[in-house]
Amino acid sequence: MTLTHYLVLACVLFAIGATTVLLRRNAIIVFMGVELMLNATNLVLVTFARMHGDLSGQVMAFFVMVVAAAEVVVGLAIIVQIFHTRRSASVDDVNLLKS
Amino acid sequence: MTSTIATVTAAPLPGAVLPGAVPADGTFTQAWLLIALPLLGAAVLLLAGRRADRWGHWVGVAASAGSFVVGLLLLIGLLGRDAEDRVLDLHLFRWIPTGPLDVDAGLRIDPLSLSFVLLVTFVGTLIHVYSVAYMEHDVDRRRFFAYLNLFVAAMLVLVLADSYLLLFVGWEGVGLASYLLIGFWNQHTPNAVAAKKAFVANRIGDLGLLIALMLMVATFGAVDFDTVLAAAPGAGEGVLTAMGLMLLLAACGKSAQFPLQSWLGDAMAGPTPVSALIHAATMVTAGVYLIVRSGPIFEGAPTAQLVVVIVGAITLLFGAIVGCAKDDIKKALAASTMSQIGYMVLAAGLGPIGYAFAIFHLVTHGFFKAGMFLGAGSVMHGMDDSVDMRRFGGLSRYMKITWLTFAAGWLAIIGFPGLSGYWSKDLIIEAAFTGEGWRPWVFGSAALLGAGLTAFYMSRLFFMTFHGRRRWDDGHGAEQDVAAAPVRHPHEAPLLMVVPMVVLAVGSVALGGLLALGDGFVTWLEPVTGHVEHHEPVLPVWLIIALTMLLVLVGAFLAWRQYAVSTVAVPAPAGSALTRAARRDLHQDAVNDTLLVQPGQYLTRSLVYGDRTVVDGAFTGLGKVLVGAGDAARRVQTGFVRSYASTMTIGLVVLGVVVLATRI
Amino acid sequence: MSGPLLAGVGALTGALPTSVPASLTELGETSTGETVLFWVVAPLMVLAALGLLFARRAIHAAMCVVFVMISLAVLYIAQDAPFLGIVQIVVYTGAVMMLFLFVLMLVGVDASDSLTETIRGQRWIGLIFGVGLGALLVGVVTRATYAVPVGLLEANAVSNPVGIARLVFSDFLFAFEVVGVLLVTAALGALVLTHRQRLSRRVGQRERADARVAAGGSLTPLPAPGVYARTNAMDVPALDPQGRPIETSISRVLRVRGQERGVADVAVQLGPGEHGGGQVDRPTPEAGDPGETAGPTTPITTGRGPEVVP
């Protein structure tokens, strides 16, 4: 087994996360899909760090985690707020962009 | 008609039919005042607004009178010159300098234009004075005088212009003034409609003048009288015929000649002084002026000349027949005007032999017809603005002066020996009998018949109005047993109205004889019309005169018997088919409606339809396509976040595939 | 939030024996143990991730994600990143996923949980391009040529957290500071977003009382139903001093249903034996007719008892 397997795993996870974003309507699950994609990239970063023998990749993954945490805080706050005003957590109900 | 041309003696200047104009000098340089004064009057009256309400009408009178004084001075100046020098040209300014076609604005002062100037300003001034009293109770009297002044100015431009283009300006100006004055009381829809009708009918004529102008520019490269008239004999007959017919069309429109005569009757919707000045004495004669002025063009086109004569003869009889049936005093007079102008056009179409007679009749007609119109206005004034002659009768006892002045006009128009009409109309009848072949017989008979008809319908009008029994109620019942006779209190008009009537009556009586004295007027016009040797008519002159007199007497007698002696039915009797047709202007309106108005409306409708479907359809279609495209594009914007995410994913995948596909 | 945490994690990982680094062979192959670990964990992770797609309920999806994240932590540790593995567990499963669960509790079960698709074609687009994306990425990753893996033995010579700390506090110091600011901002943002401002004045007891008086109508409680002398049933109206029934005394529900009874119904039900007056044969007029009760001399007949002449 080579390190490529890790990369393949990360790609599969990433694709699953993206598909989740496309298919699920519940905003929270969509958000989880986003988190899954971020984690897949983290796995790639960690794997490449190991491949190149350079810890910068792990540092990068660390930053990604922190940023993801911040993003989750704000994103969930938005979801809660939308739920308060529209009584729905469906991303399809938030279609004000339609003229 | 070629024989007529051949007999024209060459005018004094060798090589040209007519003398060319010499530059104006001395008094004549002030001729522009003729136009400037009434124009200034109109401007003052229109711009001063309500402030001028109290004195404005006198400004109008003064402007017209001032213009007349200038005209009189010019007449004295012109009489003091030799006959050859009586055609003057006053250059005013360079008007349209385009290089290939230079048009200068200038005034042509010659016996013809000066005759018109004097007629317009003299009769115009009298009618201004008359209007001061006639329009006294009208709140818009100031505006009325402004329009009258505008008309006088435009008419003077028309007759004084030294080019067809400037003439066209005056031509349109009088059309405008006529329109404004016919529709002066435009708060009543029929008046506004009448004004519109007159305007449209005139536009048709104007189109003819415009085409004639274009032909002149194309043929001669000039539009001034000197150049055009001097070059006319050298042009091809086809061009001259076309030009002549177009000029005739213009004349028909302005002078209410067949087939464009239908507007004149309705034009009586205007105030009576307007009918007197514009639609009897001056503007409607502009067509005659145009034909006489364009003499050389017509002389080169015998066909056009023949058409002119035919049109004149038709209108002459047409107007006379219509006049016999009309019960509206003003419309009867309008029909009479039409008929008399038919005489003038007929004379003008006869060529140089008739030009002077046409103008002669024009001048005398201007006097007696204006006088009669003013008399009709006076009658209306006394009869609460009623115009139905069947409700008149026996007015001679109540309005003596009106009766007398009207009688003068009546006798003048039917050609009572010694009065104005006798001198002028008789000459035309004689001229109509001159020539070769069938023409003198046909046109002479028409003119002769017209004289008889004129005598009948004018006598009918006169007797119905002033004689016979009263068909109205003077407060003690009507003489004649008439149901619902209206109560009237006829009275003589105020002094300001009476004086012009008297002056015009004097003119009606004496002017003809005065001008005919020693062929004075004909000789006076010779610098313009050319000298013509006297021609013997196909019938002896004494016979023509005798026949005319006989017909006139018969006509007058018939009218006297029917309308003065016997009882006039108040509700008009059904009458014969001809009477009914004549009452309806011989169905001219119906014919116009069928031949012109309805096809025009269909054309307009189809054009509108085409515009809506094809042109608008193209544009709205384009718009719809764009809207549809936008609508389709809008569907992409669902507002769903997931759709946008799909777009991103699709783009990402496609981009990745493309990049990899190029690399592998 | 992360400061003391990181310190704790650092202490923890520092205490871990450094003698278990995941070594790589010369060709970059992993050790057998790691291979086994991978092949056990990876399929489970993929399955759990698919749970995100197919779980009907959000809570199940959340649990699947928790599983994926813990598995990822395991893989991090297996890949010589013990610090990140611990942080992954603490931050993701401990903090982020807990937040998710809280929000799920707040939102509750929602119609959007259902898997039916509402946008036309979205399902097929999502599936095709999701798979396409995966295939593309996998293709790129597998087709790429890599250098021989170096491994982290050298970099983790002291220990993994120390190596990371060296980098974070030297090369990435500025980014680290910025990320700190970002966290504070995010916290503030969450505060601002979830704060709800009152748009109308608070309505207290006084306001309610004032509104009730201002609205008019009956201030007191409505009269209770039932003619107590005969019946205290809920469906019989109370009588006012004139003997007229008070309609509002019956429950609105009964009135709407048409289940209320008139006073007469109650009167008819009374048998003669139950009554001492003995005048019950006399037909009881319909109570509440204003004409009957208008004059003072008119006997007031009620269902209450013998007729009383005032």
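Return one number: the angle in degrees, 0 to 90 and rounded to the nearest 10, between the long axis of the Cα atoms of helix B:598-610 and the longest principal axis of the Cα atoms of chain B.
Taking Cα atoms only, the helix is inclined about 10 degrees.
Please state the relative contact order of the range B:171-252 as a whole percent: Cα pairs under 8 Å, 6+ residues apart?
29
Please report the Cα spread of the range C:72-143 along all three principal axes, rounded to whole Å, starting with the longest.
46, 45, 10
Using only the Cα atoms of the range B:538-607, build the gyration tensor, take square roots of its eigenvalues as a ≥ b ≥ c, and label the shape rounded, prolate or oblate: rounded if a/c is under 1.5, else prolate if a/b is larger than b/c, else oblate.
Oblate is the answer for the range B:538-607, as a/c is 1.5 or above yet b/c matches or exceeds a/b.
As a test of the formula, what do you get for chain B when each DSSP H run with n ≥ 4 contributes -39,500 (n - 2.57) and the sum is divided by the residue count, at 222 nm and rounded to the nearest 500 deg cm²/dmol?
The per-residue figure over chain B is -22000 deg cm²/dmol.
Ratio of Rg to Rh for the range B:337-396, alpha carbon only, Kirkwood?
Reported Rg/Rh, Kirkwood definition of Rh: 1.19.
Report the gain in length on full extension from B:HIS476 to B:HIS535: 0.36 nm times residue separation, minus Cα-Cα distance, nm rounded to one decimal.
15.2 nm
What is the spin-label model distance, in nm, from B:VAL591 to B:ARG203 if the labels are put 7 Å beyond Cα along the C-beta direction?
Taking the simple label geometry, B:VAL591 and B:ARG203 are separated by 2.3 nm.
Report, in debye and to the nearest 20, how large the dipole of chain A comes out about its Cα centre when Lys and Arg carry +1 and Asp and Glu carry -1 on their Cβ.
Result for chain A is approximately 280 debye, rounded to the nearest 20.
Could you pull out every residue, at least 5 positions away or on a different chain, whose amide H is within less than 5 Å of the one on C:ILE246? Hs are placed 1.01 Å off N in the peptide plane, and Pro or chain starts have none.
Counting only residues 5 or more places away or on other chains, the set is C:ALA238, C:LEU239, C:ASP240.
Please list log₁₀ I(q)/I(0) at q = 0.11, 0.25 Å⁻¹ for the range B:504-588, using the Debye equation with identical point scatterers on the alpha-carbon positions.
Computed log10 I(q)/I(0) values: -0.66, -1.21.
Taking 7 Å along the Cα-to-C-beta vector as the label spot, tell me the B:ASP85-B:THR647 distance in nanometres, rounded to one decimal.
9.4
Please list, in order, the residues from the range B:122-154 whose amide nitrogen is less than 18 Å from a point placed 7 Å along the Cα→Cβ vector of B:ARG51.
From the range B:122-154, the list is B:142-143, B:146.
If you take every DSSP beta bridge whose two residues both sit in chain B, what share of them, in percent to the nearest 5, is antiparallel?
In chain B, DSSP labels about 80 percent of beta bridges as antiparallel.
Looking at the calculated P(r) for the range A:20-94, what percent of the C-alpha pair distances fall above 18 Å?
50
Taking a probe of 1.4 Å, how large is the accessible area per residue of the protein assembly as shown, in Å²?
44
Find how much the distance from B:LEU543 to B:PHE619 grows on full extension, using 0.36 nm per residue of separation minus their present alpha carbon separation; answer in nm with one decimal.
Stretched out fully, the B:LEU543 to B:PHE619 stretch lengthens by 19.9 nm.
Taking a virtual spin label 7 Å from the Cα of C:THR185 along the C-beta vector, which residues in the range A:44-75 bring their backbone nitrogen under 17 Å of it?
Residues A:63-75 fall inside that zone.
If you scale each eigenvalue of the Cα gyration tensor by 5 and take the root, what three semi-axes come out for the range C:31-119, rounded to whole angstrom and sorted largest first?
They are 29, 17, 7 Å, listed from largest to smallest.
Based on the Cβ-Cβ distance of C:ARG201 and C:ARG143, what FRET efficiency does E = 1/(1 + (r/R0)^6) give at R0 = 51 Å, to the nearest 0.05?
Efficiency, from the Cβ-Cβ distance: 0.15.
B:TRP95's amide H: which non-local residues (gap 5+, or another chain) put their own amide H closer than 5 Å, with H modeled 1.01 Å from N in plane and none for Pro or chain starts?
The answer is B:VAL103, B:ASP104, B:ALA105.
On each of the three principal axes of the Cα atoms of the range B:287-412, give max minus min coordinate, whole Å, ordered largest first.
55, 24, 19
Please label the shape of chain B as rounded, prolate or oblate, based on the square roots a ≥ b ≥ c of the eigenvalues of the alpha-carbon gyration tensor (a/c under 1.5 means rounded; beyond that, a/b larger than b/c means prolate, else oblate).
prolate
Let me check I have the definition right: for the range B:246-346, take the eigenvalues of the Cα gyration tensor, multiply each by 5, take square roots. What are those semi-axes in whole Å, largest first?
24, 14, 9
Using a ≥ b ≥ c from the Cα gyration tensor of the protein assembly as shown (square roots of the eigenvalues), is it rounded, prolate or oblate, where a/c under 1.5 gives rounded and otherwise the larger of a/b and b/c decides, a/b for prolate?
Since a/c reaches 1.5 but b/c is at least a/b, the shape of the protein assembly as shown is classed as oblate.
In Å² (nearest 100), what accessible area is buried between C and A, both sides summed, heavy protein atoms only, 1.4 Å probe?
Buried area (both sides, nearest 100 Å²): 7200 Å².
Give me the one-decimal nm value for the distance between modelled label points at B:MET214 and A:ARG87, 7 Å along each residue's Cα-to-Cβ direction.
About 7.7 nm, to one decimal.
Assuming R0 = 30 Å, what is the FRET efficiency of C:ARG166 and B:ARG663, from their Cβ-Cβ distance, to the nearest 0.05?
0.20
Step through the table entries B:LYS369/B:LYS400; B:LYS196/B:LYS400; B:LYS197/B:LYS425, compare each Cα-Cα distance with 28 Å, and write down the pairs that go over it.
Those over the limit are B:LYS196/B:LYS400; B:LYS197/B:LYS425.
Against the globular-protein guess of 2.2 N^0.38 Å, express the Cα radius of gyration of the range B:135-288 as a ratio, rounded to two decimals.
After normalising by residue count via 2.2 N^0.38 Å, the value is 1.11.
Using only C-alpha positions, report the orientation-averaged shadow area of the convex hull of the range C:84-188, nm², one decimal.
Across all orientations, the range C:84-188 yields a mean hull projection of 11.6 nm².
Over all directions, the average projected area of the alpha-carbon convex hull for the range B:600-646 comes to how many nm²?
The directionally averaged projection comes out at 3.6 nm².
Return P(r) of the range B:183-237 (all Cα-Cα pairs; 5 Å bins starting at 0; whole %; ordered from short to long distances).
It works out to 5, 17, 17, 13, 10, 9, 9, 8, 8, 4, 1, in whole percents.
State the percentage of accessible surface on the range C:46-179 attributable to carbon and sulfur atoms; use a 1.4 Å probe and exclude ligands, DNA and RNA.
After summing per-atom areas, the C and S share lands at 73 percent.
So what are the radius of gyration and Dmax for the Cα set of the range B:67-141, in Å?
That works out to 17.6, 54 Å for Rg and Dmax.
How much of the accessible area of chain B, probe 1.4 Å, is carbon plus sulfur, in whole percent?
Result for chain B: 69 percent of the exposed heavy-atom area is carbon or sulfur.
Once the piece of chain linking B:LEU626 and B:SER386 is laid out straight, how much longer is it, given 0.36 nm per residue of separation minus the C-alpha distance between them?
80.0 nm
The values are calculated or read from the model by the stated rules, or taken from the named source; none is laboratory data. This is a predicted model, so every value here is computed, not measured. Neighbour counts run over all protein chains shown; Cβ positions are idealised from the backbone, glycine included. SASA here: full protein model, heavy atoms, side chains in, ligands and nucleic acids out. Shrake-Rupley method; radii C 1.70, N 1.55, O 1.52, S 1.80 Å.
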